[in-house]
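The values are calculated or read from the model by the stated rules, or taken from the named source; none is laboratory data. Small disclaimer: the values here were computed from a predicted structure and weren't measured. For neighbour counting, all protein chains shown are included, and Cβ atoms are generated from backbone atoms with ideal geometry for every residue, glycine included.
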Amino acid sequence: MGMRLPSHSEARAALFCFVSGFVSGFVIASYWTVPDVGAWFAGLAVLVSVISLGCGLYTFYRSRIISMKPVLVFTNAMDDKGKARWFLRNVGNGPAINIVVAKRPKDDKWQKHSRVPTLAPGYLFPIDFGGLEIQCDYYDIDNRPYSSRCRDWETTFPKMKIEPLLESSKITRMPGLPTKS
């Protein structure tokens, strides 16, 4: 069996497709021009300005948070009577509000949840208990949560809260007043 030759109508259809594709490609190519270099630079300048605006807004947002962020640390110092005692000190830039302090004996549940008054920057508050582990949860003035934990004389800032979360009615008030450090 030999190869079949295309019929006259098939040959015309193939020639039409070839010619029309060639002509349309030529027409498209003739309308396509290389963009002006100035337009490229203008587009690039707009892109750079949008990116720098985004970076500036992000930097402003982060510096605002840092400028009013409270940082509570646990310190052990002598009180007025010469007795060693734990203190909660705000070494950050903003006030710490809604502070809850709890202690946890070795591998046990959190106990003695106590509420501490708001601590302004530079103020400290005497804590009437110690333990193997002490943690406080607190908020800044924009209601962002923070935590500080002291275990074996090492203060860390965990992301998790004191477990379990308690109802406000089950948290006692810790006696005392904040003092300027």
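Suppose the filter is at pLDDT below 70 and touching a helix residue (DSSP H, G or I) at 6+ places or on another chain (Cβ under 9 Å); does L15 pass it?
no
Looking only at segment 55-89, count every residue that is hydroxyl-bearing (S, T, Y) and under 25 Å from Q135 (Cβ atoms) and tell me the total.
Matching residues across segment 55-89 total 1.
Any chance segment 103-122 includes a residue that's modelled with pLDDT under 80, among the aliphatic types (A, V, I, L, M), in the same structural domain as V91 (by TED's automatic domain parsing) and part of a loop (DSSP other than H, G, I, E, B)?
no
A quick yes/no check of all residues on (1) touching a Gly at 6+ places or on another chain (Cβ under 8 Å); (2) of a type in the set (V, I, T); (3) within 20 Å of Y123 (Cα to Cα):
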position: G43; (1), (2), (3): no, no, no
position: P70; (1), (2), (3): yes, no, yes
position: T75; (1), (2), (3): no, yes, yes
position: F87; (1), (2), (3): no, no, yes
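If T33 satisfies every condition in (1) part of a loop (DSSP other than H, G, I, E, B); (2) at pLDDT 70 or above; (3) β-branched (V, I, T) but one, which is the exception?
(2) is the only condition that T33 fails.
Could you list, in sequence order, all residues of segment 76-100 that are assigned to a strand (DSSP E or B) and modelled with pLDDT of 85 or more?
F87, L88, R89, N90, A96, I97, N98, I99, V100
Just to verify a result, which residue in segment 124-150, among those that are loosely packed, with under 15 Cβ neighbours inside 10 Å and of a type outside the set (G, A, S), is modelled with the lowest pLDDT?
Among residues in segment 124-150 that are loosely packed, with under 15 Cβ neighbours inside 10 Å and of a type outside the set (G, A, S), the one modelled with the lowest pLDDT is F129.
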